[in-house]
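Below: one structure, written as structure tokens.
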Amino acid sequence: MSVKPQIIPCVDIQGGRAVRLYEGDPDRETVYFESPLEAARHWAGLGAPLLHLVDLDAATGRGENRAVIRRIVETLDVPVEVGGGIRDQESAEALLALGVARVVIGTAAVKRPELVGQLLDAHGPEAVVVSLDARWPDVAVSGWAEASGVKVAQMTARLGQLGLETLIFTDVTRDGTLRGLDRDLMAQVRTLWTNTLIVGGGVANTQDADLLTELGIEGAIVGRAIYEGTLPYPL
């Protein structure tokens with residue numbers, strides 16, 4: 001029996017506001033809420049089981065939004081995961097100490113894979129997620145601005161060996177575009193990663209949600225589609 005995929009609302013934080021970027025470009029933003037807390041409260045009020053927060057300023061080296069994240073964690077009962085600029089054990093553990101349910105490691109998982117192993121050993125697979133952001137077949141890093149020279153297939157194999165349970169895969173060419181998921185790409189990634197797979201980038205409508213079910217993908221992080229109503233939330 002197929003299991004309905006989990007739709008996880010995304011709150012991207014840049015300059016203290018809740019935004020969405022087009023293809024990950026920090027200079028092509030749409031502001032949806034002046035307050036990220038209000039955005040988080042909105043989705044929590046609609047029954048979100050988990051919120052995905054991204055500190056875009058930390059990801060791009062423009063600053064950080066730790067105080068905003070702390071307020072969201074302290075105000076809401078819904079668990080949150082946080083990504084963006086987590087490149088060492090200290091920054092990951094600082095977020096976990098705030099009450100963040102799990103940290104999302106991106107660039108550092110590619111450049112310093114031993115960090116993932118250290119965090120898994122210290123906190124367990126329930127508290128550590130890796131986000132692979134890709135321009136297929138290559139992994140992109142540093143807020144998607146750089147090619148890493150590493151293939152997605154190499155990284156999934158390495159992460160599996162480290163004992164990672166949950167992987168987020170984002171097709172950066174479709175993130176924030178409402179173009180829909182690339183069926184063939186999603187099928188390839190599903191084959192590469194047999195543990196819990198969450199996808200991001202391009203989810204636009206119920207047809208994309210149906211594709212997740214068809215491929216046995218456990219969930220999707222969704223931003224623009226639920227902010228603009230092309231994908232009903234909750235489903």
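Quick notes on this structure:
- Shape category assigned to segment 1-122 from the gyration tensor of Cα positions, a/c cut at 1.5: rounded
- R0 of 30 Å, Cβ-Cβ distance residue 31-residue 191: FRET efficiency to nearest 0.05: 0.20
- Radius 11 Å from Cβ of residue 162, net charge of other residues (Lys, Arg +1; Asp, Glu -1): -2
- Maximal additional length on extending the residue 114-residue 38 stretch stands at 23.7 nm, based on 0.36 nm per residue less the C-alpha distance.
- Remark on residue 196: its backbone amide H falls under 5 Å from those of 167, a criterion applied only to residues 5 or more positions apart or on other chains, H modelled at 1.01 Å from N.
- Value of relative contact order over the chain, rounded to a whole percent, pairs C-alpha under 8 Å and six or more apart: 20
- Charge context of residue 18, other residues only, Cβ under 15 angstrom, K/R +1, D/E -1: -2
- Listed candidates [x] 17.0, 52; [y] 16.0, 46; [z] 21.3, 67 - label of the one calculated as Rg and Dmax of the Cα atoms in Å: [y]
- Each DSSP beta bridge with both residues in the chain is either parallel or antiparallel, and the antiparallel ones are about 30%.
- CD proxy at 222 nm, helix term only [per DSSP H run n ≥ 4: -39500 (n - 2.57); per residue of the chain; nearest 500]: -10500 deg cm²/dmol
All of the numbers you see were taken from the coordinates with simple rules; none came from a lab. Since we're looking at a predicted model, the values are computed, not measured. Counting neighbours? That spans all protein chains shown, and the Cβs are built from the backbone with ideal geometry, glycine included.
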